[in-house]
């Protein structure tokens, strides 16, 4: 396994009085695709939110490239290269697609590579290229998801986290998007994926964490996890 | 025959997205109907259409023969249809008992305050929240809030109960507890229950019938067994086990 | 007939200033969902800033406008950190009361310092005669400046990185933060810009009419009306809303006693708010 | 802050004379230190204070053989009525005021007046011309101003004499005082047979007068009279100038009499104002200073020429002082009786109060003058008394030529 | 109800208001009169803001309209005071019900803005409406006080009537809070959509409470301006007083009867003190504003919230 780029150490976090994460720990190796799977409410999204600082961990640490970044504000983490494509796309609906991409490249580091990244996004998502001048809110769900991932790419991420990418997409589109993620991984991007479509996620990922009740229940190479009957039962109820 | 509820061809569009498309189904008293489907399939929208939170573009909803299409939610409640919310909506700054009393006061039976409080206490016992009755709703755990949702809906003595993912996010013990609650409710009151649920085990074991929604359309209806083996359902919702291999193969 | 025409022209000229005054209010609402009840006080401070620059400082009033804007911006950023930052995202009552408190403090200090007697900024620009009617020169200049500032704001919001960042934060603060936009700083800047514009609007008004520390109140109310006409939170709509309000005033006044104008204005305001809560114009917003 | 420093200075300078007073006479009132009436209220307060300090410096008010020092208790009414009654009751019951002055403005005075009646305290009202208050059955109110319905009489007399065919536009603030004035003016114009072509009120918060001025142009009016208070009146005058209105006469209430009006520059030129008093009037006072003396001392202290608000304030003091001395007592009924009997000339003009039950306390002795902003030989703006012509210091400029 | 300690706290408050001026004299009565009026405004506003969660910035319109209609009935139509009180209250309540059905479709800031519009529209309408005296307003002749035994005696009677309205406001606030209706309102406050799904007829409930919250302020308006001797639109419809009423509510703590009453009382005393204090009078507005800002930023629960945080017992006693 290659060098760890992001480390989550015994993080506890939650919303108000409701604690969701009870000492979650995981490691994201550079250049690989890692996935977190688990039931609704297991704390997958909260894990990503804790990493990005939207939710402030009450204890534990987030280590990124060897530095403790736990207390940094969200935007500063994005500047460092910790970029999240949030659940539900969260595009700037009243702004054009191009402006959305531009906002992805807000940070100085990302701006420096603006042209290159824009080209990259257009290359991976030709559909996005056609829609550059359209208001993001008027796109279809799949196109919005492409813009959301594209916007994340514009931020020149060192770790790109994607939350529930296939949510509400047709199987075909989901498949296409996963294909793209695979290409990105192959191009050397580090990815951390939270996904409800376990089959796809596990098929694609190099390494997987199974979350339950705010703790890592199980971890291992994705192949192993996907063939674990216990997991299938616990998660799919089959 | 007059069904407890009869939904005929309801549709709803949101700014270009067809959220629910011509869905029809019926339910009878004492029946538990499971509603499953991928996220974004339109399950909650269907709930909203039935419970009057949003009016449908097309179609008709009748309850015991009475047309309740597009009726304001409080009027729908008065006729005996109660629901819970997927994203819980506790009345935060009120106690658990007060929350449930609201349901009892303004539900189908419109109880007076004193009676409503008594009834609410009973319901709290049923769902297992009695010991937390004086706690502010905001301070409940997520599982507690889910129970509260159920309790509030039940307190109005509905004929039909719509449960929107009341098991999601609960740990196995809590899930077991909630399933027990649902069973008890059905046994004691004999009302109809329509439940959206992702947790297949629960859906399969609780439901008399299951219907599957995908992209706003009804994909299949049948007994749990029939549905679980329906190939389209497996592909759309349970996930195509072979898709991963297909994906790998393409490169 | 000419009378009505002139009345409408006058109304439109003033309407552009109503629009400018309202832009500050609606920008702040659009970005952070705060209705700034200190808006009127800020307008009044803009008036006094111009007065002191022009009268004590001896500057040309129009050349003093940029200074007023900068002062308003700095003051706005300060007010944001003192009074507004902590109430962002809380119940609207909190932000309403916090900004009202700021307003009380400003009005109180202003009254203690300058009393409530009117101040005057003298400007002599020849007017334009239409028949027996005259359109005052300072009204024309002020209207042109107001429209230019509104246009500049539009360009800023749509064609600069910071402007786009403001729109991004307005649209989805959390997503903006995830993209590396320091949203708190952006909010403070947006508040500062809103106040800066309010102050300039005040300064322009000061070139037209005598004013007191309390004069902002009337423009605050008008700004509410304009904002509702144009759609709360929609800066481009605000200018149109202002022009529409000015137009209404101009059209109505020849036919009814002018003391009825506020009755018409505010009734219209309530009715439009109920019937079209998103405003009459859909300019500059999606869908 | 400036105000504070000034009053400290003054009180320091006043501690000097070593007269031993038997007691204090407490006069209570509210004044608009904050709120929209502040500008109009301040000169009135200055008039009060000048009188107080002069009386005390001269040994106080003589009642029988005792000398009483005048003491003020004043509160800020914030230009709103909500606390006026509470404050006046406090003045009577807690601060033991012997006499009361009114707040500024007809509205606040009407509110305060009821307290004077309920607690049986004499109240000299000033800055409150509205007449209705005196028709309610008061016993202890005494008005210093010529009532509102006669405010514009001199202006209309002047129009009648100069240009009987003039078309008059009556444009006034939609507020208690100005509306009462306008109503009276319209009646009086009818009596004189003058042609009123326009009669319209504007909202008190109006800052833009172009809609109404356009209507004036449309109406073809040649004379504009009206206005309200300082803020709206000065704005109106400024816009009349900016819109280049070709009017033969402009007569506005209150605003042109406030010294700050001169700041309008050319816009002030030719504007006339019905005035309760002007520094140039020459009355031979039965008691108190002459107009020239008052003006000089007021100017020395406040560095502006007094307008009629200041004079009204000061005159309230000397009228009360005179009545107390006449009565030889601080007893309310005795002082009221002395006021009822009063028919005297002061620097401020003749003073006499109606004694009928139906309008007790209404000012019936005092006449108003019309003053006009004119330029002297150096082109410097100054106010001249122009009507009645006999009392004038300069002829009325009619039509205004710019 | 008689077993609840808070009921007796209310009774004691009312008795104190009755007794204190009898011993303390007229100065005390004047101070308590205004305090009582403020308390009435705050208590009834609490029904909207505290119970229902709708920020009414224009509550003063009830007070002003009540006063205008009542004084019109007395001076123009020659009605006795009691009839004017009832008449004004009934008309204002009906108008509020109609208005409420319209503007209560708006939520949050939109509703707050609409209520400001209502105040301004009403004020300028009354200023132009000649039957109500237009901007000059209406003056009350001293003869109107005759039936009550003359102006001096009338003040006492008016004072006791205001205390009666205050008592009614306290009781109303308390009873609504303890009622089924009140429960529905609280549900709306916490989550209107959830409340509707639980069967609360939110649009009707809101319109009713809006109307109910107008009745007692309308009566207070009649009494205030009857005592005042004159009513003018710019005094009757002062937006600032509306906002001050919210400040009172914040000061005392919204949502509780005790908080609203305490806030009204404390605010009146505090402003009165600042206004008449030689040290602060120049800066009373600044000090009041700074205090408000501190409350909003650091103690949004007001005095009651502060008490509740420290002693949970108060939560049970102070309703």
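The values are calculated or read from the model by the stated rules, or taken from the named source; none is laboratory data. The structure presented is a predicted model; accordingly, all values stated were derived computationally and were not measured. All Cβ positions, even for glycine, are placed from backbone atoms using ideal geometry, and neighbour counts span all protein chains on display.
Residues being away from every other protein chain (no Cβ under 14 Å), crowded, with 24+ Cβ neighbours inside 10 Å, out of contact with any strand residue (DSSP E or B) (no Cβ under 9 Å at 6 or more places or on another chain) and under 28 Å from residue E:269 (Cα atoms) are entirely absent from the stretch E:18-29. Please work out if residue D:334 is at pLDDT 90 or above and surrounded by fewer than 15 Cβ atoms within 10 Å (Cβ to Cβ). When the stated conditions are applied, residue D:334 does not pass them.
Per the listing B:61, B:17, the residue uniquely under 20 Å from residue B:218 (Cα atoms) and touching a strand residue (DSSP E or B) at 6+ places or on another chain (Cβ under 8 Å) is B:61.
Highlighted here are the helices (runs of 4 or more DSSP H) found entirely within the stretch E:230-319 that include at least 1 residues which are within 13 Å of chain C (Cβ to nearest Cβ), buried (at least 24 other Cβ atoms within 10 Å of the Cβ) and within 16 Å of the chain's Cα centre (by Cα): E:239-252, E:257-276. Filter the stretch D:367-398 down to residues that are more than 12 Å from residue D:158 (Cβ to Cβ), in contact (Cβ under 8 Å) with a residue 40 or more places away in the chain and not in a strand (DSSP E or B), then give me how many there are. Of the residues in that region, 3 qualify. So which residues in the stretch D:350-402 are on the phi > 0 side of the Ramachandran plot and at pLDDT below 90, if there are any at all? Within the stretch D:350-402, D:379 is the sole residue that qualifies.
Of all the numbered requirements in (1) away from chain A (no Cβ under 14 Å); (2) outside any loop (DSSP other than H, G, I, E, B), residue B:148 misses one, and that requirement is (1). Of the residues C:203, C:188, C:199, the single one that is more than 10 Å from chain D (Cβ to nearest Cβ), over 15 Å from the mean Cα position of the chain (by Cα) and under 18 Å from residue C:72 (Cβ atoms) is C:188.
Can you tell me which of B:140, B:219, B:213 is within 14 Å of chain A (Cβ to nearest Cβ), surrounded by fewer than 22 Cβ atoms within 10 Å (Cβ to Cβ) and at pLDDT 85 or above? Explain how you work it out, then say what you get.
Numbers: B:140 fails: surrounded by fewer than 22 Cβ atoms within 10 Å (Cβ to Cβ); B:213 fails: surrounded by fewer than 22 Cβ atoms within 10 Å (Cβ to Cβ).
Step by step, each of B:140, B:219, B:213 is checked, and only B:219 is within 14 Å of chain A (Cβ to nearest Cβ), surrounded by fewer than 22 Cβ atoms within 10 Å (Cβ to Cβ) and at pLDDT 85 or above.
Scanning the stretch D:160-185 for residues that are more than 14 Å from chain C (Cβ to nearest Cβ) and either at pLDDT 95 or above or touching a helix residue (DSSP H, G or I) at 6+ places or on another chain (Cβ under 9 Å) (or both) gives D:160, D:161, D:164, D:166, D:168, D:177, D:180, D:181, D:183, D:184, D:185.
Take the conditions (1) away from chain E (no Cβ under 12 Å); (2) within 19 Å of residue E:111 (Cα to Cα); (3) touching a helix residue (DSSP H, G or I) at 6+ places or on another chain (Cβ under 6 Å); residue C:35 misses just one of them, which is (1). Considering only the stretch C:89-108, I want to know if a residue exists there that is outside any loop (DSSP other than H, G, I, E, B) and out of contact with any helix residue (DSSP H, G or I) (no Cβ under 8 Å at 6 or more places or on another chain). Checked the stretch C:89-108: no residue is outside any loop (DSSP other than H, G, I, E, B) and out of contact with any helix residue (DSSP H, G or I) (no Cβ under 8 Å at 6 or more places or on another chain).
With the requirement that a residue be in contact with a helix residue (DSSP H, G or I) (Cβ under 7 Å, 6 or more places away or on another chain) and closer than 18 Å to residue D:251 by Cα, what does the stretch D:357-370 give you? Write out each step before concluding.
Applying the first criterion (in contact with a helix residue (DSSP H, G or I) (Cβ under 7 Å, 6 or more places away or on another chain)) to the stretch D:357-370 yields D:358-362, D:368-370.
Residues satisfying the conditions are D:368, D:369, D:370.
Looking across the stretch D:49-90 at every residue that is surrounded by fewer than 17 Cβ atoms within 10 Å (Cβ to Cβ) and free of Cβ contacts under 8 Å to residues at least 12 places away in the same chain, the one that is farthest from the other protein chains (Cβ to nearest Cβ) is identified as D:65.
Only one of the numbered conditions (1) in contact (Cβ under 8 Å) with a residue 12 or more places away in the chain; (2) within 14 Å of chain C (Cβ to nearest Cβ); (3) surrounded by 23 or more Cβ atoms within 10 Å (Cβ to Cβ) is violated by residue E:101, and that is (3). Every condition in (1) assigned by TED's automatic domain parsing to the domain that holds residue A:149; (2) under 19 Å from the mean Cα position of the chain (by Cα) holds for residue A:118 except the one numbered (2). Just give me the residues in the stretch C:112-140 being out of contact with any helix residue (DSSP H, G or I) (no Cβ under 6 Å at 6 or more places or on another chain), more than 9 Å from chain D (Cβ to nearest Cβ) and part of a strand (DSSP E or B), in sequence order. Passing the criteria: only C:128. Restricting the search to the stretch B:80-94, which residues are surrounded by 19 or more Cβ atoms within 10 Å (Cβ to Cβ) and either in a loop (DSSP other than H, G, I, E, B) or away from every other protein chain (no Cβ under 12 Å) (or both)? Correct list: B:80, B:84, B:85, B:88, B:89, B:90, B:91, B:94.
From the list C:71, C:131, the lone residue that is at pLDDT 90 or above and either under 17 Å from the mean Cα position of the chain (by Cα) or under 30 Å from residue C:8 (Cβ atoms) (or both) is C:71. Applying the condition of being at the interface with chain B (Cβ under 8 Å from one of its Cβ atoms) and under 16 Å from residue B:72 (Cβ atoms) to the stretch E:179-190 and asking which residue is surrounded by the most Cβ atoms within 10 Å (Cβ to Cβ) yields E:187.
Being over 30 Å from residue B:212 (Cβ atoms), crowded, with 23+ Cβ neighbours inside 10 Å and modelled with pLDDT of 90 or more is true of residue B:102. Here residue A:47 clears all of (1) closer than 16 Å to residue A:23 by Cα; (2) within 14 Å of another protein chain (Cβ to nearest Cβ) except the condition numbered (2). Note on the stretch A:113-140: residues that are in a helix (DSSP H, G or I) and more than 13 Å from every other protein chain (Cβ to nearest Cβ) amount to 14.
Please tell me if residue C:62 is under 28 Å from residue C:152 (Cα atoms), touching a strand residue (DSSP E or B) at 6+ places or on another chain (Cβ under 9 Å) and away from chain E (no Cβ under 14 Å). I'd like the intermediate steps shown before the answer.
Working: under 28 Å from residue C:152 (Cα atoms): yes; touching a strand residue (DSSP E or B) at 6+ places or on another chain (Cβ under 9 Å): no; away from chain E (no Cβ under 14 Å): yes.
Considered against the rule, which asks whether it is under 28 Å from residue C:152 (Cα atoms), touching a strand residue (DSSP E or B) at 6+ places or on another chain (Cβ under 9 Å) and away from chain E (no Cβ under 14 Å), residue C:62 comes out as no.
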